[in-house]
Amino acid sequence: MSTTGHPFRQFIVKVHGRCNLACTYCYLYEGPDRTWRTRPAAAAPAVLERTADRIAEHARAHGLTAVSLVLHGGEPLLAGAGTLARFTEAVRTRLPAGCAVLPTVQTNATLLTEDRLTVLARHGIRIGISLDGGRAEHNARRVDHAGRPSWPAAARGARLVAERFPASYAGVLTVVDPTLDPVETYDSLLELRPPALDLLLPHGNWSAPPPHWGDVRYGDWLCAVFDRWWSAGRRETRVRLFEECLALLLGLPAATESLGLAPFDALVVETDGSIEQVDSLKSAYEGAARTGLDVFRHTFDDAARHPGVAARQTGAAALAGDCRACPLLSVCGGGHYAHRYRAGHGFRNPSVYCADLQRLIRHVSGRLTVDAVPAPASREGGTP
């Protein structure tokens, strides 16, 4: 067994490093990091084979019972459904007995067809879809390289998954746009029948603040969606941010990149085999995710010992003093690591969304407290 403290359990593999869309706000292709330009467009078979070996090696060394395999890009379907299926099977057949692979492809949905979905479903690959909302006007900035709207194709793909392959539907990921009506946005996404919804705050930091920061409160937006979700009377969909906030408030274990103090357990393999930290760091500065390691010469335990990775696995010790003294620490966890960056000061700062996270957590806590206390019995004609 390995002596590395916190093994990786989520492997984000860039099977294709380009995208068929040119979203105007994309932090990966429009942000400060340009390393993608020097990498192959697609991962070569040798890279994928070696990555499968490394995943199995890591699982065996740490006695893992399951690993999450995220097939990513760019747009991973540009590599072809067959490539995704073969790579998934390569990982599956190499894993030790008793260790399951949980594969998901994260796609913009424009390339989803019945044939491709049939291949993915046959190999147990679930479909995660990235959208900005459930209507055309919400996705106006998601265009292709000729400036044409992506929504017609994305909507067809999303509805095809919901109607014909519901067992393969992992859910929808959407980045919060505070200029859109929060409840209308949430309701529009429900029309796509996602079993789960990930609401992500736009990547930004103290040196490059997120859009509309200071003008609009992201916390208010999230609170409005929480109230709509919480008051529905039934679980229309899972919202990971809200469920994990509730779990942490109740003292239950929860793990998300945006909340809590659980050690971070994900890494990225790029199309050339480079081992990197997660892409969100690329929103901070050029090379922020780089480790200098690759799957041909290094193990994933080597990556776990990298100073940048180790810093994310030390919990509260890596946080700013203000965060360590905050009564919300066990729930907030300092917020998303990338959102703490300030040029010249690194990542040892509160999140640029500190006020918004406090607003959300206190609001959720208040609703949980009020709704957990039975209302007093009426004295008007009833039993006292």
Residue exposure sequence - S283, S330 - by fewest surrounding Cβ within 10 Å: S330, S283
In the chain, if every C-alpha pair distance is counted and binned at 10 Å from zero, what percent goes to each bin? 5, 22, 32, 27, 10, 2, 1, 0
Once you keep just the Cα pairs under 8 angstrom separated by 6 or more residues, what percentage relative contact order results for the stretch 227-287? 15 percent
At q = 0.14, 0.23 Å⁻¹, what is the base-10 log of I(q)/I(0) for the stretch 64-154 according to the Debye formula with one equal point scatterer per Cα and no solvent? Please give it to two decimals. -0.56, -1.11
Let me check I've understood the local charge: for H138, count other residues with C-beta under 13 angstrom from its C-beta, Lys and Arg +1, Asp and Glu -1. What total comes out? -4
Taking one equal scatterer on every alpha-carbon of the stretch 1-58, how large is log10 of I(q)/I(0) by Debye at q = 0.19, 0.25, 0.30 1/Å? -0.86, -1.06, -1.24
Let's test this: bin the Cα-Cα distances of the stretch 134-275 at 5 Å from zero up to the farthest pair and state each bin's percent. 2, 8, 14, 17, 19, 19, 13, 6, 2, 0
Once you keep just the Cα pairs under 8 angstrom separated by 6 or more residues, what percentage relative contact order results for the stretch 1-61? 51 percent
About its Cα centre, how strong a charge dipole does the stretch 10-311 have in debye, to the nearest 20, once Lys and Arg get +1 and Asp and Glu get -1 at the Cβ? 740 debye
Local electrostatic count, G124, Cβ distance below 11 Å [Lys/Arg +1, Asp/Glu -1]: +2
Positive minus negative residues near Y27 (Lys, Arg vs Asp, Glu; Cβ under 11 Å): -2
Selection from L319, P211, P350 lying farthest towards where the dipole of the chain points positive, charges on Cβ: L319
Can you give me the relative contact order of the chain as a percent, contacts being Cα pairs under 8 Å and 6 or more apart? 19 percent
Between the stretch 239-260 and the stretch 267-291, what's the alpha-carbon centroid distance in Å? 25 Å
For the stretch 193-237, list log₁₀ I(q)/I(0) at each q in 0.26, 0.29, 0.34 Å⁻¹, using the Debye formula over Cα point scatterers of equal strength and ignoring solvent, two decimals each. -0.99, -1.10, -1.26
Given N residues in the stretch 206-348, what is Rg(Cα) / (2.2 N^0.38 Å)? 1.19
Pairs of Cα atoms farther than 15 Å apart, the stretch 286-354, %: 57 percent
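Read-outs: derived from the displayed coordinates by stated rules, not from any lab. Just so it is clear, the structure is predicted and the values come from calculations on it, not from any experiment. Don't worry about glycine lacking a Cβ; one is built from the backbone with ideal geometry, like all the others, and counts go over all protein chains shown.
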